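Right, one structure below, let's go through it.
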Amino acid sequence: MRVSDVMKKQLEIVDTKESLAQAEQKMREAEVNVVLVHHNKSLVGVLSDQALMLRAKSNGGSPEKSKMQDIMRSRLVVCYEDESIEDSSLLMALKKAGYLLVLNREDDITGILSREDIAQKADIFFEDVLKKITSDDKKTDGGR
């Protein structure tokens, strides 16, 4: 299975000038858990809903007291859309990253891959395998 089979293609962008509350609202409305952070139309980081909740809200319980630059992740970890899920999962583990920016071979950002995306796809895959096994068992009377 390839990264392109699992990644989210919807990319939401926030600017460093926007408030964390605006970023949080944009995530909620778009139903995404990661947004790209731009400054002067250049990618400078990534903001996740988890980082927003843990860091901003721990600062007095309000995202208004924290700055985008303090919470976003500026060290970006990337993979390519034609790479395997196994390799990308290993990269996530090695880099201790909850998500990867996905690039095409021209180095354009084409999506975001998260641990949750991989887990959901794995659940569907194993559910399909289980159905097939169960179906085959019924055809052969339990394999006896």
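What follows draws every value from the coordinates through simple rules; no lab data is involved. Since the structure is predicted, the reported quantities are computational estimates derived from the model, not experimental observations. Neighbour counts are summed over all protein chains in view; Cβ atoms, including those assigned to glycine, are modelled from backbone coordinates with ideal geometry.
Kirkwood radius for segment 1-106, taken over all pairs of different Cα atoms as the inverse mean of 1/r, rounds to 14.5 Å.
Within a Cβ distance under 12 Å of Arg28, other residues only, what is the Lys/Arg minus Asp/Glu net charge? Value of the local net charge: -4.
Multiplying the residue separation of Gln69 and Leu91 by 0.36 nm and subtracting their alpha-carbon distance yields 5.5 nm.
Remark: the Gln10-Leu43 segment gains 10.3 nm on full extension, using 0.36 nm per residue and subtracting the alpha carbon distance.
Charge tally for Thr110 (other residues, Cβ to Cβ under 11 Å; Lys, Arg +1; Asp, Glu -1): -2. Checking the cross-link pairs Lys67/Lys121; Lys8/Lys95; Lys9/Lys41 against a 27 Å limit on the alpha carbon distance flags Lys67/Lys121 as lying beyond it. Using the Karplus relation 6.51 cos²θ - 1.76 cosθ + 1.60 with θ = phi - 60°, the per-residue 3J(HN,Hα) values for segment 21-32 come to 5, 5, 4, 4, 5, 4, 4, 4, 5, 8, 6, 10 Hz, with x marking Gly and Pro.
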